[in-house]
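This report concerns only the one structure given below.
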Amino acid sequence: MIEKDFTIDIATYIDHSLLKPTATPEEIEKCCYEAQQFGFPRVCVYPSFVSQAVKLLHGQKITVCTVIGFPTGANTSAVKLYEAQEATENGARELDVMINLGLLKAGNSEAVYNEISAICEATRQTIKVILETSLLTDTEKQLAAEISMDAGANYLKTSSGWFGGATVSDVRYLNNIAEGRVGIKASGGIKTLEQAYALIEAGATRLGTSHGVALVNSQNS
């Protein structure tokens, strides 16, 4: 049996996420209701649902987050910038921006930096850069992290959840690179309380998951 850590309120770490391709407006409504019911500080939905989530959560202390260039990051910089600006205009206050993996692997640090920096400067919102750590070498992870921080990102996010999930080793690695300058969001495959505790212990300051309700219920049982 998992030894529960009641010094941690697991709900406060969770970005309650609904990012499956088949998500419907009814499911978005349920997601927002669950955030209110279980005390999640944030919901993360696709850009097309930002306006709906903002309306549903009006007057609540729950932040609406969305994803940009998701899940591959291979959109043009202009498209990502427009998507980020439109999401901000629609009420999103946090943007999880997918890094351009191809440019990163090609060593085009300047292009990667310029893309992230432009989004940070244009939106002035909380920016979490999705690094997709499962597809990167340690050297590439460090480069991606340093570029993101230099460009103005507020968080380093491990994964989209589409190509592998968060690992304790990756969270610890990013946390060591960040040295407290930015937060660390672990995301992808977080389904158990044991995983959540381990990721927080490794340095995660946010958990992106669609299993938040089960995690809270497990902690409270």
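The values are calculated or read from the model by the stated rules, or taken from the named source; none is laboratory data. Small disclaimer: the values here were computed from a predicted structure and weren't measured. When we count neighbours, we look across all protein chains shown, and the Cβ atoms used for this are built from the backbone with ideal geometry, even at glycine. The protein model used for the area step is the full one, side chains on, heavy atoms only, and it has no ligands, DNA or RNA in it. Shrake-Rupley method; radii C 1.70, N 1.55, O 1.52, S 1.80 Å.
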Note to self: Can you find, within segment 78-89, the residue that is nearest to Lys55 (Cα to Cα) among those that are open to solvent by less than 70 Å² (accessible area, probe 1.4 Å) and charged (D, E, K, R)?
What the structure shows: Glu83
Next item on the list: Could you grab me the full set of residues in segment 104-126 that are open to solvent by 20 Å² or more (accessible area, probe 1.4 Å), in contact (Cβ under 8 Å) with a residue 12 or more places away in the chain and either farther than 12 Å from Asn154 by Cβ or in a helix (DSSP H, G or I) (or both)?
Entry: Lys105, Ser109, Ala111, Tyr113, Asn114, Ala118, Glu121, Ala122
Checklist line | Total residues in segment 63-85, condition in contact with a Pro (Cβ under 7 Å, 6 or more places away or on another chain) and over 21 Å from Gly188 (Cα atoms) | finding: 1
Next item on the list: Please go through segment 90-101 and pick out each residue that is closer than 21 Å to Tyr155 by Cα and open to solvent by 10 Å² or more (accessible area, probe 1.4 Å).
Entry: Gly91, Arg93, Glu94, Asn100, Leu101
Checklist line | Pairs, first closer than 14 Å to Ser187 by Cα in segment 204-218, second part of a loop (DSSP other than H, G, I, E, B) and modelled with pLDDT of 95 or more, C-beta under 7 Å, six or more apart | finding: Leu207/Ile190; Thr209/Ile190; His211/Ile190; His211/Lys191; Gly212/Phe40
Note to self: Within segment 142-154, take every residue that is out of contact with any Cys (no Cβ under 9 Å at 6 or more places or on another chain) and either among the small types (Gly, Ala, Ser) or closer than 14 Å to Glu179 by Cβ (or both) and give me the one that is surrounded by the fewest Cβ atoms within 10 Å (Cβ to Cβ).
What the structure shows: Asp150
Next item on the list: Sort out which residues of segment 39-77 are assigned to a helix (DSSP H, G or I) and open to solvent by 70 Å² or more (accessible area, probe 1.4 Å), and write them in order of number.
Entry: Ser48, Lys55
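Residue-by-condition table, conditions (1) closer than 30 Å to Ser117 by Cβ; (2) hydrophobic (A, V, I, L, M, F, W, C):
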site: Val45; (1), (2): yes, yes
site: His58; (1), (2): no, no
site: Gly69; (1), (2): yes, no
site: Thr88; (1), (2): yes, no
site: Val97; (1), (2): yes, yes
Next item on the list: Could you give me the residue pairs with C-beta distances under 6 Å whose first residue belongs to segment 46-63 and is at negative phi, whose second residue is among the aliphatic types (A, V, I, L, M) and assigned to a loop (DSSP other than H, G, I, E, B) wherever it lies, and which are 6+ apart or on separate chains?
Entry: Val50/Ala92
Next item on the list: Considering each residue of segment 188-205, count those that are open to solvent by less than 60 Å² (accessible area, probe 1.4 Å), in a loop (DSSP other than H, G, I, E, B) and touching a strand residue (DSSP E or B) at 6+ places or on another chain (Cβ under 6 Å), and give that number.
Entry: 3
Next item on the list: Scan segment 181-193 and give yes if some residue there is among the basic types (Lys, Arg) and over 26 Å from Ala214 (Cα atoms), otherwise no.
Entry: yes
Checklist line | segment 174-187, subset out of contact with any strand residue (DSSP E or B) (no Cβ under 7 Å at 6 or more places or on another chain) and either charged (D, E, K, R) or touching a residue at least 40 places away in the same chain (Cβ under 8 Å) (or both), residue farthest from Ile200 (Cα to Cα) | finding: Arg181
Next item on the list: Hey, could you check segment 28-38 for residues that are surrounded by fewer than 23 Cβ atoms within 10 Å (Cβ to Cβ) and in contact (Cβ under 8 Å) with a residue 24 or more places away in the chain and say which is nearest to Asp9 (Cα to Cα)?
Entry: Phe38
